[in-house]
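To keep things clear, I will list the structure first and then write my remarks on it.
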Amino acid sequence: MKLKTFCLVLSLSFSLIFADANAQHTMTNVYGRNVQSLNGKWDAIIDLYDQGRKNKIFLNKKPEGKTDFYEYAFENGYLLNVPSDWNSQMPELKYYEGTIWYARRFDVTKERGKRLFLYFGAVSYRCRIYLNGKEIAEHEGGFTPFQLDITNTVKDKDNFLAVEVNNTRRVDAIPAMAFDWWNYGGITRDVFLLSTPETYIDDYFIQLDKYKTDKINASVKLSEKKANAVVTIEIPELQLKQTLKTDGNGEVKTSFATKKLKRWSTTSPTLYKVRVSSENDQVEEQIGFRNIWVKGEKVYLNDKAIFMKSISFHEEIPQRKGRAFSEADAVVLLTEAKALGCNMIRLAHYPQNEYIVRMAEKMGFLLWEEIPIWQGIDFKNEVTREKAGKMMREMVLRDKNRCALAFWGVANETQPSEPRNSFLKYLIETCKTIDTTRLITAACDLVRFDNKRQVFTMDDPFMKELDVVAVNKYMGWYHPWPVTPDKAIWEVARGKPLIVSEFGGEALYGKTGDADLVSSWSEDYQATLYRDNLEMFKHIPNLSGTSPWVLFDFRSPFRFHPTNQEDWNRKGLVSDQGYRKKAWYLMKEYYDSKH
Ligand code: GCB
């Protein structure tokens, strides 16, 4: 077999191993439903050599006859917390990449006319689910939710649920072989049992019209293609209510005219209670309404040009050296962003948990959300493209009712090529089959200094596909200055709004040193770098926002320096222990000066 064909077969068979049989995208607003938590301590088996599946350990058999024995048992072994990554729970799992089995028992109260689902907020990176000894589903993608209908497989008492989780890096995965953050594995987000009526409200999309200030568009879809079923949509505080009948697809589509609406904004993040009811189901949540669009080189929020005072963070609590997974964790991350004076978060580099997204909306942050298309992705691989499309769908479906969501990001630092361009176009199209209202962006990487013209420029044909162009540029860190910052004039993506989506440099908290020396790893040099970049920003005419990299120091196997890094990316404005570095204060001053 030719090498190329062999690779294709190999990558197809890998992906077949973890194709998503029976895992469905989740119903809208899981957190507003009737749920029973399955969080807690789960039994665990570490399966470094992938022997568990072959030996059917998901059957969890016990010896019965005199000659029986089994070389495993889930009981009385390791215990792992769910939700959480496994790496932070036992020293021997710090660098673990491979398979770990999780298991627990549960009872349910089965009710006639009800359906039961298993919901996983995220499992990193791929998993197979076994219920009562039967494999029922698979899912790939470490940062998006999925659900399984278990109505017909579940028993009243003593169900045995096993989850085979694997976080091995692969060429055809997203992200792929190397990425600048920790490869946390495990059941990293909430697990729920979800109970719904037989026919339930599967999906709804309720947001303000993109351009009209007094028109709310709403659509609702039932889980069955039932015509003439009654659906009611209400926003009680606005005295809005409509009762409608479904079409043959079990859907209703309508709009509401409203004069009294107070639009959501970053300074006044008003949310309204919205209630959707069908004959036997009802779901409620808080929804905000705002307009966001682009005109010329500016982004307009509620008819006013806005400067995006953004920051990035990973879904990580540095002090715990582990994934963030709770509402309390969301408060820790977002409070620090608020203190910095931000009005936007770039959720790097993957969809983060719903606590963060919902809390950010309540606190008045716009959001940029992206799937982990990070640098070296296998753009030629059809299977990878399908996976990316599915991740995009799962992300957009989950968060499309969050008015804070302003940007869907399709890539971070990818190099132009025909396969890459068509892959990313496919992602945009996929997104637009669900939501055409948000701004599409990507963090590009090709800004360079044109010596002849003495300006910074960028040639990336993909720019034309984007509503807002974003660029990562590490002046003073990865790139020495070709001219002094006051002469650093940009001509990049003129005619469109431009966000500097990453800039920064590393400093070890508390380290003093030469303010001119990059390799001093000092707060003093980091402060110089920030001062210089803030000066350069004055010479970017279409600058619509900035997003320093990054709020907190974060863990990354990319970072080998023995005394300054020790597996930490030190570009944080705040240290791993939560202390603010000098550059934090410069950024704060800059953001406070921007209105
Ligand atoms: C980048 C990446 C980000 C890295 C950062 C760095 O361009 O987008 O994920 O962590 O640079 O620190 O090098």
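When region 57-71 is filtered for residues that are closer than 19 Å to Asn159 by Cβ and in contact (Cβ under 8 Å) with a residue 12 or more places away in the chain, the ones remaining, listed by number, are Ile57, Phe58, Leu59, Asn60. Remark: pairs (first residue in region 288-301, over 15 Å from Thr267 (Cβ atoms); second residue at pLDDT 95 or above and acidic (Asp, Glu); Cβ separation under 8 Å; 6+ apart in sequence or on different chains) = Asn291/Asp209; Asn291/Asp303; Val294/Asp467.
Looking at region 77-119 only, could you name the residues that are in contact (Cβ under 8 Å) with a residue 12 or more places away in the chain, charged (D, E, K, R) and in a loop (DSSP other than H, G, I, E, B)? Correct list: Asp85, Glu97, Asp107, Lys110, Glu111. Region 365-463 holds strands (runs of 3 or more DSSP E) entirely within its bounds, and those carrying 1 or more residues that are farther than 30 Å from Tyr204 by Cβ map to 405-412, 439-444, 448-450, 455-457. One residue stands out among those in region 291-301 that are buried (at least 17 other Cβ atoms within 10 Å of the Cβ) and more than 22 Å from the chain's Cα centre (by Cα): the one that is nearest to Arg398 (Cα to Cα), which is Asn291. Looking across region 396-413, the residues that are within 16 Å of the ligand (Cβ to nearest atom) and surrounded by 24 or more Cβ atoms within 10 Å (Cβ to Cβ) come down to Phe407, Gly409, Val410, Ala411, Asn412.
Which of the residues that make up region 223-241 are without any contact (Cβ under 8 Å) to a residue 60 or more places away in the chain and over 17 Å from Glu285 (Cα atoms)?
Looking only at region 223-241, we keep the residues that are without any contact (Cβ under 8 Å) to a residue 60 or more places away in the chain, and these are 224-241.
Those that are without any contact (Cβ under 8 Å) to a residue 60 or more places away in the chain and over 17 Å from Glu285 (Cα atoms): Glu224, Lys225, Lys226, Ala227, Asn228, Ala229, Val230.
The selection criterion, being touching a residue at least 24 places away in the same chain (Cβ under 8 Å), under 30 Å from Gly578 (Cα atoms) and over 23 Å from the mean Cα position of the chain (by Cα), holds for Tyr474. Per the conditions (1) in contact (Cβ under 8 Å) with a residue 12 or more places away in the chain; (2) over 21 Å from Asn29 (Cβ atoms), the sole criterion not satisfied by Glu382 is (1). Hey, among the residues in region 256-290 that are loosely packed, with under 15 Cβ neighbours inside 10 Å and of a type in the set (Ser, Thr, Tyr), which one's nearest to Tyr31 (Cα to Cα)? Ranking the qualifying residues of region 256-290, first place goes to Ser268.
Select from region 137-186 the residues that are touching a Cys at 6+ places or on another chain (Cβ under 8 Å) and hydrophobic (A, V, I, L, M, F, W, C) and write down the one among them that is nearest to Leu93 (Cα to Cα). Here the answer is Val165.
Quick check, is Lys221 assigned to a strand (DSSP E or B) and on the phi < 0 side of the Ramachandran plot? Show your work before the answer.
On the way: assigned to a strand (DSSP E or B): yes; on the phi < 0 side of the Ramachandran plot: yes.
Judged against the criteria, Lys221 is a match.
Would you be able to tell me the number of residues in region 541-555 that are surrounded by fewer than 21 Cβ atoms within 10 Å (Cβ to Cβ) and either aliphatic (A, V, I, L, M) or within 13 Å of the ligand (Cβ to nearest atom) (or both)? Counting residues in region 541-555 that are surrounded by fewer than 21 Cβ atoms within 10 Å (Cβ to Cβ) and either aliphatic (A, V, I, L, M) or within 13 Å of the ligand (Cβ to nearest atom) (or both) gives 1. Restricting attention to region 447-479, the residues that are surrounded by fewer than 18 Cβ atoms within 10 Å (Cβ to Cβ) and within 16 Å of the ligand (Cβ to nearest atom) total 4.
The condition of being within 12 Å of Ser278 (Cα to Cα) and surrounded by fewer than 19 Cβ atoms within 10 Å (Cβ to Cβ) does not hold for Asn217. Filtering region 302-334 to residues that are part of a helix (DSSP H, G or I), more than 19 Å from the chain's Cα centre (by Cα) and not basic (Lys, Arg) leaves only Gln319.
With Ile371, Ile377, Ile356 as the choices, which residue is within 16 Å of the ligand (Cβ to nearest atom) and over 9 Å from the mean Cα position of the chain (by Cα)?
Working: Ile371 fails: over 9 Å from the mean Cα position of the chain (by Cα); Ile356 fails: within 16 Å of the ligand (Cβ to nearest atom).
From the options Ile371, Ile377, Ile356, the qualifying one is Ile377.
The one condition from (1) crowded, with 19+ Cβ neighbours inside 10 Å; (2) away from the ligand (no atom under 13 Å from the Cβ) that Gly578 does not meet is (1).
In summary, Ile46 fulfils each of the numbered conditions (1) free of Cβ contacts under 8 Å to residues at least 60 places away in the same chain; (2) within 29 Å of Ala388 (Cα to Cα); (3) out of contact with any strand residue (DSSP E or B) (no Cβ under 7 Å at 6 or more places or on another chain) with the single exception of condition (3).
Scanning region 426-446 for residues that are closer than 30 Å to Gly572 by Cα and more than 16 Å from the ligand (Cβ to nearest atom) returns Arg438, Leu439, Ile440.
Looking at the structure I just gave you, is Tyr590 part of a loop (DSSP other than H, G, I, E, B) and modelled with pLDDT of 95 or more?
On the way: part of a loop (DSSP other than H, G, I, E, B): no; modelled with pLDDT of 95 or more: yes.
The answer is no for Tyr590.
When only residues in region 497-527 that are outside any loop (DSSP other than H, G, I, E, B) and among the hydroxyl-bearing types (Ser, Thr, Tyr) count, which is farthest from the ligand (Cβ to nearest atom)? Even if it seems obvious, please write down each step before you answer.
To start, the set of residues in region 497-527 that are outside any loop (DSSP other than H, G, I, E, B) comprises 498-502, 518-520, 523-527.
Right, trim to among the hydroxyl-bearing types (Ser, Thr, Tyr) and you get 501, 519-520, 525.
Values: Ser501: 8, Ser519: 16, Ser520: 17, Tyr525: 15 Å.
Across region 497-527, the extreme among qualifying residues is Ser520.
Is it the case, given these coordinates, that Pro562 is out of contact with any strand residue (DSSP E or B) (no Cβ under 9 Å at 6 or more places or on another chain) and surrounded by fewer than 16 Cβ atoms within 10 Å (Cβ to Cβ)? For Pro562, the condition - out of contact with any strand residue (DSSP E or B) (no Cβ under 9 Å at 6 or more places or on another chain) and surrounded by fewer than 16 Cβ atoms within 10 Å (Cβ to Cβ) - is met.
Conditions (1) away from the ligand (no atom under 16 Å from the Cβ); (2) buried (at least 19 other Cβ atoms within 10 Å of the Cβ); (3) in a strand (DSSP E or B), marked per residue:
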| site | (1), (2), (3) |
| --- | --- |
| Gln147 | yes, yes, yes |
| Asn152 | yes, no, no |
| Ala162 | yes, yes, yes |
| Arg189 | yes, yes, no |
| Thr196 | yes, yes, yes |
| Asp202 | yes, yes, yes |
| Phe205 | yes, no, yes |
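When the residues of region 506-530 are filtered to those that are aliphatic (A, V, I, L, M) and in contact with a helix residue (DSSP H, G or I) (Cβ under 7 Å, 6 or more places away or on another chain), which remaining residue is surrounded by the most Cβ atoms within 10 Å (Cβ to Cβ)? It would help to see each step written out before you state the result.
Applying the first criterion (aliphatic (A, V, I, L, M)) to region 506-530 yields 507-508, 515, 517-518, 527, 529.
So of that shortlist, the ones also in contact with a helix residue (DSSP H, G or I) (Cβ under 7 Å, 6 or more places away or on another chain) come out as 507, 515, 517-518, 527.
Details: Ala507: 28, Ala515: 16, Leu517: 12, Val518: 17, Ala527: 19.
Among those residues, the one meeting the criterion is Ala507.
Figure legend. Inter-residue proximity from region 17-42: first residues more than 18 Å from Ile206 (Cβ to Cβ), second residues modelled with pLDDT of 95 or more and of a type in the set (Ser, Thr, Tyr), beta-carbon distance below 7 Å, spacing 6+ or different chains. Indicated pairs: Asn34/Ser195; Trp42/Tyr102. Taking the conditions (1) surrounded by 18 or more Cβ atoms within 10 Å (Cβ to Cβ); (2) part of a loop (DSSP other than H, G, I, E, B) in turn, Arg494 satisfies each one other than (1). Would you check which residues across region 116-145 are crowded, with 23+ Cβ neighbours inside 10 Å and β-branched (Val, Ile, Thr) and list them? Val123, Ile129, Thr144, listed by residue number. The residues of region 528-548 that are over 18 Å from Ser575 (Cα atoms) and in a loop (DSSP other than H, G, I, E, B), listed by number, are Lys538, His539, Ile540, Pro541, Asn542.
The values are calculated or read from the model by the stated rules, or taken from the named source; none is laboratory data. Keep in mind the model is a prediction, meaning the values are calculated, not measured. A quick note on method: Cβ atoms are made from the backbone with ideal geometry, for glycine too, and the neighbour counts reach across all protein chains shown.
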